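The values are calculated or read from the model by the stated rules, or taken from the named source; none is laboratory data. Only a predicted model underlies this, so the values are computations on that prediction, with no experimental measurement involved. Here the Cβ positions follow ideal geometry from the backbone for every residue, glycine too, while neighbour counts run over all protein chains shown.
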């Protein structure tokens, strides 16, 4: 049986609030959303919710490890539900679209750095850059 969003919040030691549930539900179907898109979706669902409240929810969910923030260069921060799958991202240089890319084949070779500088590495974030199929196809005529 899947864990519900309220159960997920409680298991992370967070109070269950309508904005927190709304953010998690939006990210379930819209990974890589930015705070503006999340705020719009939350307001459409709940009515008046301030931009600051949305940022506060995103901060709390990120701090609790329920949501991850990715920051592609030249793009606003994007958010997705935290998954224990060590995936990476590919970003389109044209339109900014973001997609998930599985870690390289094998036992998380992306965690083997050429030098660890004394750190114990437990996670890697890799961002691949390129051009998405829509941008490659060019403008619709």
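Among the helices (runs of 4 or more DSSP H) confined to the range 1-84, the ones with at least 2 residues that are under 14 Å from the mean Cα position of the chain (by Cα) and touching a residue at least 12 places away in the same chain (Cβ under 8 Å) are located at 18-29, 35-46, 51-63.
Within the range 104-116, does at least one residue satisfy the condition of being in contact with a strand residue (DSSP E or B) (Cβ under 9 Å, 6 or more places away or on another chain) and either surrounded by 11 or more Cβ atoms within 10 Å (Cβ to Cβ) or closer than 16 Å to residue 26 by Cβ (or both)? Checked against the condition, which is being in contact with a strand residue (DSSP E or B) (Cβ under 9 Å, 6 or more places away or on another chain) and either surrounded by 11 or more Cβ atoms within 10 Å (Cβ to Cβ) or closer than 16 Å to residue 26 by Cβ (or both), the range 104-116 yields at least one hit.
Residue-by-condition table, conditions (1) surrounded by 11 or more Cβ atoms within 10 Å (Cβ to Cβ); (2) farther than 24 Å from residue 10 by Cα; (3) in contact with a helix residue (DSSP H, G or I) (Cβ under 7 Å, 6 or more places away or on another chain); (4) modelled with pLDDT of 85 or more:
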{"site": "57", "(1), (2), (3), (4)": "yes, no, yes, yes"}
{"site": "93", "(1), (2), (3), (4)": "yes, yes, no, yes"}
{"site": "128", "(1), (2), (3), (4)": "no, yes, no, yes"}
{"site": "132", "(1), (2), (3), (4)": "yes, yes, no, yes"}
